[in-house]
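Down below is the structure, laid out as structure tokens.
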Amino acid sequence: MNSRRQLGEFLQTRRSQLRPEDVGVATYGDRRRVPGLRREELALLAGVSASYYSRLEQGQAPNASPDVLDALARALRLDDAECRHLHDLAAAGRRRSTVRRAAPERVSPATRQLVAVLGDVPVLVLGRRGDVLTWNTPGHALYAGHLALDSPDTPRQRPNMARLVFQDAHTRDLYADWPAKARGVVATLRMTSGRHPDDPLLTALVGELTVKSPEFATMWADHRIKTGGDTVYEMRHPLVGAMRVTQQTLRTTDDQSVVVATTEPGSPSHSAMRLLVHSVLTGQASRRTRITS
């Protein structure tokens, strides 16, 4: 991915989303040909020259200082996650591009221990591109029971969360508010692209989804950034029905995500989740018994 172009597109998108009245810019009733702030208006707010800011948007000013980036972030009213993404894009643009063959991602022993300790709580571990590196039995049952349990074990066959959300009918039906889930997946990929602009597999994934899914292409162009924190989804599981699930994401030192799904104790969702987990674990135990007998 071209980091300088990404930087320019990110700035332009955020600038177009700011109205003059939001930041105290007087318009005097003039007609505006473009949405949001003009380049020279944003440059004035950030304390940089209009020509320099224009070069930034055009990908022709790779050496923006941290102070300039912070000033632009304040002028654009970026949150902490968006500000970090802005700095990531600028830093990537200063580095010499070195495309290397990506090695298969592996789950560390410590992360596998964490998954094992969580026991009957649905858990999956995602790589930086959204590949499912491992999941426990409840996690598999909750998110992708229609796929083979051992599919993450072979790198070339690993399910990918972005592909599932945009191309898999089961996953689309799983989320009552599918657009919210889809936007979250795209926002996570967008942040990853800022941290790893030279990842050829990530570039290929984004290109594939852009071609195959107009919905993905539209959301990708929005340059939305995931701000982190817990996310609550209304899920419609084919085995146990509706559930309100809190998805908590823990980041590892390997830039992987441990996704833990929980429900409110005592709620109907909690009962449904317990039923799902009990049924799959019981079924798994029965199969082991038949095999050994």
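Data for the structure
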{"item": "The chain, helix-only ellipticity at 222 nm - DSSP H runs n ≥ 4, -39,500 (n - 2.57), divided by all residues, nearest 500", "result": "-16000 deg cm²/dmol"}
{"item": "Normalised contact order of the chain, rounded percent, pairs of Cα under 8 Å and 6 or more residues apart", "result": "17 percent"}
{"item": "Degrees between helix 178-195 axis and first principal axis of the chain (Cα, 0 to 90, nearest 10)", "result": "60 degrees"}
{"item": "Positive-end extreme of charge dipole, the chain - chosen from Val132, Pro35, Leu239 (charges on Cβ)", "result": "Val132"}
{"item": "Given (1) 49; (2) 55; (3) 62, the label whose value is percent of Cα pairs over 25 Å apart derived from this model", "result": "(2)"}
{"item": "Arg94 paired with His270, simple spin-label distance in nm, labels 7 Å along Cα-to-beta-carbon", "result": "5.0 nm"}
{"item": "Cα gyration tensor shape of the stretch 51-96, rounded if a/c is under 1.5, else prolate or oblate by comparing a/b with b/c", "result": "oblate"}
{"item": "The chain, dipole about Cα centre (Lys/Arg Cβ +1, Asp/Glu Cβ -1), debye to the nearest 20", "result": "640 debye"}
{"item": "Solvent accessible area, Å² - Glu21, 1.4 Å probe, full protein context", "result": "120 Å²"}
{"item": "Virtual spin-label span in nm between His146 and Thr246, 7 Å along Cα→Cβ", "result": "2.9 nm"}
{"item": "Of all accessible heavy-atom area on the chain, the percent that carbon and sulfur account for (1.4 Å)", "result": "52 percent"}
{"item": "Summed residue charge, Cβ within 14 Å of Thr134's Cβ, Lys/Arg positive, Asp/Glu negative", "result": "-2"}
{"item": "Rounded tilt (10° steps) of 3-16 against the dominant C-alpha axis of the chain", "result": "80 degrees"}
{"item": "Cβ-based net charge around Leu202, under 12 Å, with every Lys or Arg adding one and every Asp or Glu removing one", "result": "-2"}
{"item": "For peptides 140-153, 250-263, sequence by mean Cβ density within 10 Å, most packed first", "result": "140-153, 250-263"}
{"item": "Principal-axis tilt of helix 80-94 within the chain, Cα atoms, nearest 10 degrees", "result": "70 degrees"}
{"item": "Average accessible area per residue (Å²) across the chain - probe 1.4 Å, nucleic acids and ligands excluded", "result": "53 Å²"}
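The values are calculated or read from the model by the stated rules, or taken from the named source; none is laboratory data. Just so you know, these numbers come straight off a predicted model, no measurement behind them. Note that we place each Cβ from the backbone using ideal geometry, even for glycine, and neighbour counts take in every protein chain shown. These area figures cover heavy atoms from the full protein model, side chains too; ligands, DNA and RNA do not enter into them. Shrake-Rupley method; radii C 1.70, N 1.55, O 1.52, S 1.80 Å.
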